[in-house]
Amino acid sequence: MPHIIWEEKYSVNIKMIDEQHKRLFEIFGNIFDRMGKKDDREALGVDVWELARYATGHFDAEELLLSEYYFPGYEQHKKEHEVFRSKVAIFQRDLEKDKTTLSIDIVHFLMSWLSHHILTVDKEYSAFLNEKGIR
Ligand SMILES: [Fe+2]
Ligand SMILES: [Fe+2]
């Protein structure tokens, strides 16, 4: 199972956001660990629920910050987050229907979505917000 680890290259140079991204990586790590063990279905469900809850909170916090400072790419950024939000919802539904094997693809999708999103889309607001004094 792959293990996603936060590295300096993921830093957006804003402490609160970096901390939230680290936590998201940690939750993904837990999910991958659980997926390796077939008997841990209930705990896996809890972790996925936590991923959905925490990711939603993180997106809300990011969107609030971007709108507060009138970031020009706000609308597009918000749309990107919707992709993740709806995929997590599908994942949760699959788990309820007991389709774990199919869900592995979804976890891979979500994980690569997150690292790609941070490295490309999130990085776009770094300099903009740093200039406004947000660090
Ligand atoms: Fe984002
Ligand atoms: Fe983010």
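Nothing in this text is a laboratory measurement; each read-out follows from the coordinates by a stated rule. The structure displayed is predicted, hence computed values, not measured ones. Please note: Cβ atoms are built from the backbone with ideal geometry, for glycine as well, and neighbour counts cover all protein chains shown.
Pairs from the table (Lys9/Lys79; Lys37/Lys97; Lys22/Lys123; Lys22/Lys97; Lys79/Lys123) lying more than 21 angstrom apart at Cα are Lys9/Lys79; Lys22/Lys97. Every helix of 4 or more DSSP H residues in the chain counts as -39500 (n - 2.57), and over all residues that averages to -25000 deg cm²/dmol at 222 nm.
What percent do you get for the relative contact order of the chain when only Cα pairs under 8 Å and 6+ apart count? Computed over the chain, the figure is 31 percent.
For the stretch 61-112, what is the Kirkwood estimate of the hydrodynamic radius, computed as the reciprocal of the mean inverse distance between distinct Cα atoms, to one decimal in Å?
Details: mean 1/r = 0.0801 Å⁻¹.
For the stretch 61-112, inverting the mean 1/r across all distinct Cα pairs yields 12.5 Å.
Expressed as a fraction of 2.2 N^0.38 Å, the C-alpha radius of gyration for the stretch 90-135 is 1.74.
Please state, rounded to one decimal and in Å, the Kirkwood hydrodynamic radius that the chain gives when every pair of distinct Cα atoms enters the mean of 1/r. Working shown, then result.
Working: mean 1/r = 0.0645 Å⁻¹.
It is 15.5 Å.
Inter-label distance, Ser112 to Asp33: 2.5 nm, where each label sits 7 Å from its Cα along the C-beta direction.
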